[in-house]
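This report refers to the structure that appears directly beneath it.
The values are calculated or read from the model by the stated rules, or taken from the named source; none is laboratory data. On a predicted model such as this, the values are computed, not experimentally measured, just so you know. No Cβ is skipped: glycine too gets one built from the backbone with ideal geometry, and neighbour counts run over all protein chains shown. When the accessible area is computed, the model is the full protein with side chains, heavy atoms only, and any ligands, DNA or RNA have been set aside. Shrake-Rupley method; radii C 1.70, N 1.55, O 1.52, S 1.80 Å.
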Amino acid sequence: MTCGRCGTGITAQEKSKNISDGSIRTYVYYSCTRHKDHHCTNPYLREDYLIIQLEEIINDLEINQLGARHIIDREIERHNKLRSSVLGIKDDKKVKEKEVDIRMYAKYLLKEGTIYEKRELLEQLRNKIMLNDKKICIG
Ligand SMILES: [Zn+2]
C-alpha cells in the first residue's frame, strides 16, 4: 500500500486509546511513513475502516491464488478435523479443498475472520493499493 499524496510506503502502527468506561482499546492505524515528503499531510486510516473498504472492492482485487489456497487448505483441514474428532461425522461428508472458491473465502474472511486472518489475507493481494484521505483505491 502506498501514500496517494507523496508515493511513500504506508506503515501500520498500534495505538491504545482510553475509553470512557475506563478500559483501553488498541487500534491499528495505517499512515504515510513520510520518507519522501516529511510534511505529507495524508491522514491515517484505522484498520477496521480499511477492512470495510476492502470488502467493497474485493471483487476487483487480484488475489495470489497459491497463497490464498494455502490458507484455505489449512482452514479446511481444521474444519474436517473438528467434524471427525469432535462431532463424529464420517469421512464421506468431508469438505474438499477444490470446492472452495477463493474469492468467496476472501469475502468471508474479511467479514468473519480474526484480525490475524485478515492480515494474512491482505498479504495475498497482488494489487497496488493507494491510500488518500482515509480512502483506498486500486493503483
Ligand atoms: Zn505521504
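Pairs are defined by a Cβ separation below 9 Å, a sequence spacing of at least 6 or placement on different chains, a first member in segment 61-87 that is closer than 10 Å to residue 102 by Cβ, and a second member that is modelled with pLDDT under 85 and open to solvent by 40 Å² or more (accessible area, probe 1.4 Å); the pairs so defined are 69/97; 72/97. Taking residue 116, is it aromatic (Phe, Trp, Tyr), open to solvent by 90 Å² or more (accessible area, probe 1.4 Å) and not assigned by TED's automatic domain parsing to the domain that holds residue 132? For residue 116, the condition - aromatic (Phe, Trp, Tyr), open to solvent by 90 Å² or more (accessible area, probe 1.4 Å) and not assigned by TED's automatic domain parsing to the domain that holds residue 132 - is met. If I filter segment 36-52 for residues that are polar (S, T, N, Q), outside any strand (DSSP E or B) and assigned by TED's automatic domain parsing to the domain that holds residue 3, do I get at least one hit? Yes, segment 36-52 has at least one match. You will find that of 31, 23, the residue that is surrounded by fewer than 16 Cβ atoms within 10 Å (Cβ to Cβ) and small (Gly, Ala, Ser) is 23 and no other. Inspect segment 47-66 for any residue being within 16 Å of the ligand (Cβ to nearest atom) and open to solvent by 60 Å² or more (accessible area, probe 1.4 Å) and give the result as yes or no. No, the conditions are met nowhere in segment 47-66. Please verify whether segment 7-26 includes one or more residues that are within 15 Å of the ligand (Cβ to nearest atom) and outside any strand (DSSP E or B). Scanning segment 7-26 turns up at least one residue that is within 15 Å of the ligand (Cβ to nearest atom) and outside any strand (DSSP E or B). Determine, yes or no, whether residue 81 is in a loop (DSSP other than H, G, I, E, B) and not hydrophobic (A, V, I, L, M, F, W, C). No, not satisfied.
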